[in-house]
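Below: the structure, in structure tokens.
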Amino acid sequence: MASPEILNSIRSAITQKPPFCTGTLPLKGGDGDFFYRQGEDSVWIDLAHASEGKLADLEKACEPATFGLNHDDVLDESYRKAGKMDAELFLARFDPTRLGIVEYVREQLLEGADEEKDIKAELYKLNVYGKKNRCRLSAQIRILTTFVGKGSFFKSHKDTPRGDSMFGSLVVGFPTPHEGGALVLRHSDKEWTFDSAVLTREPVEPSIAYIAFYSDVDHEVTLVTSGHRVTLTYNLHFETKVSKPTLPETIRPTLPNDEILHTALSNALADPSFLPRGGLLGFGLSFKYPIQQKSPAGSAKLVTSVLKGSDAVIDRVCRQLNLHTSLKAVYEVDDKRVLVSANALLQNVAHDDEYGTIQILLYDYKGRVIHEFGTDAPAMDDDVDPNKVVRLAWVTPLTEFSRFGSPYIEYYGNGAASYCLYGNICLIAKVEPFGRRRSRRQ
């Protein structure tokens, strides 16, 4: 069986690396130059030595702007003060790739195989936040955000992933004097504060302060009490090509975050009392991933290579120990949990009330009813194959980070009703019976 003591030892070995990295960098050679169009004229501002007058002119060049909410554009200045300017009206000389910031982010934020991937930072929009006029310049996938003037803020929110390749954001704060406007990050009941006002004030020469974080991290900008807060924000994407040769998994060096978990899980697998007949280990996800359900089978196109942070560490260590891993969806149907592939999610299914949802999941979607270790076996209908039950031990519980809904229609008599079945994505590792895994270790 899977004893609570052994599961606790594995659980406690999973370290949570902060979901961000930070740094500072001096501005040199015109890296603070920013140009924008105003009427028939071109206006230049040096964000390394910006005057109050120049920032005020930038503020005046803007129009009120909305923000995205549930696929709609919403104007609500109680939530966010902002404005907009068309993308073709500005040009920023600052380049985080040329200055080595993107490479630093790859080394410090990403882990494991992700460290070998090319990443890019692309411009999306300019926002100006101020007391009167506020502006946002929009370009193709990178962001320049500017908080101008006392009273500006942006309440807590998550960034909307723009495509499957987007994994995070890079925020660059320029040395424009201001008070307040700190960026507060929240994730997994923890909180961190990044105050570019303090960080850019400390160096002798004009410098930027930057922070990169994952897309699903809650963040807000606190109230600006004085001055002007100017930031460039970039969407971070994985490139499809690989920047350098990847070491085979068998000779990849063990990372510090991996070693503790590797030892705990290896000891568990070597214990004959731990899952002696084999079974599944379940891990709730610590980060959110885009789930794009598509007809006809609701394919989510989720593979373990998209995992990040501690989720990626768990997957990597399991593979190093010859455990097969995959992403699964757990649906809750009546009083049962049903496990199906994360790449074949229930969507837009219609059935009659005699052929219930659980039968569809078990037979059409090749699902399995979960029998959690330490609990009584779930009661099954007579027409359900006993082989459709699988034993599973949760190392970490399911989370809300990758919760989703699957709509379906149920017909009864001459009527019909629409429903939504909810589920969660999790990481599953298959453990072989003790005799088989012992022979692999020898």
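Checking each residue in the stretch 263-316 for being at positive phi and either of a type in the set (D, E, K, R) or at pLDDT below 85 (or both) picks out GLY298, LYS301, GLY309.
For the stretch 191-201, a residue qualifies if it is touching a residue at least 40 places away in the same chain (Cβ under 8 Å) and charged (D, E, K, R), but none of them does.
Condition check ((1) acidic (Asp, Glu); (2) outside the structural domain of ARG98 (by TED's automatic domain parsing); (3) part of a helix (DSSP H, G or I)) across all residues:
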site	(1), (2), (3)
THR22	no, yes, no
LEU25	no, yes, no
PHE35	no, no, no
TRP44	no, no, no
ALA48	no, no, no
LEU55	no, no, yes
LEU58	no, no, yes
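Pairs meeting the criteria (first residue in the stretch 267-278 and in contact (Cβ under 8 Å) with a residue 24 or more places away in the chain, second residue among the small types (Gly, Ala, Ser), beta carbons under 6 Å, at least 6 apart or on different chains) are PHE274/ALA268; LEU275/ALA2. Of all residues in the stretch 171-222, those being part of a strand (DSSP E or B) and hydrophobic (A, V, I, L, M, F, W, C) number 13. Going through the stretch 389-408 one residue at a time, which ones are out of contact with any Ser or Thr (no Cβ under 9 Å at 6 or more places or on another chain) and at pLDDT below 90? GLU400, SER402, ARG403, PHE404, GLY405, SER406 - these are the residues of the stretch 389-408 that are out of contact with any Ser or Thr (no Cβ under 9 Å at 6 or more places or on another chain) and at pLDDT below 90.
The values are calculated or read from the model by the stated rules, or taken from the named source; none is laboratory data. Here the structure is a predicted model, which is why all the values come from computation and not from measurement. Cβ: placed from backbone, ideal geometry, glycine included. Neighbour counts: every protein chain shown.
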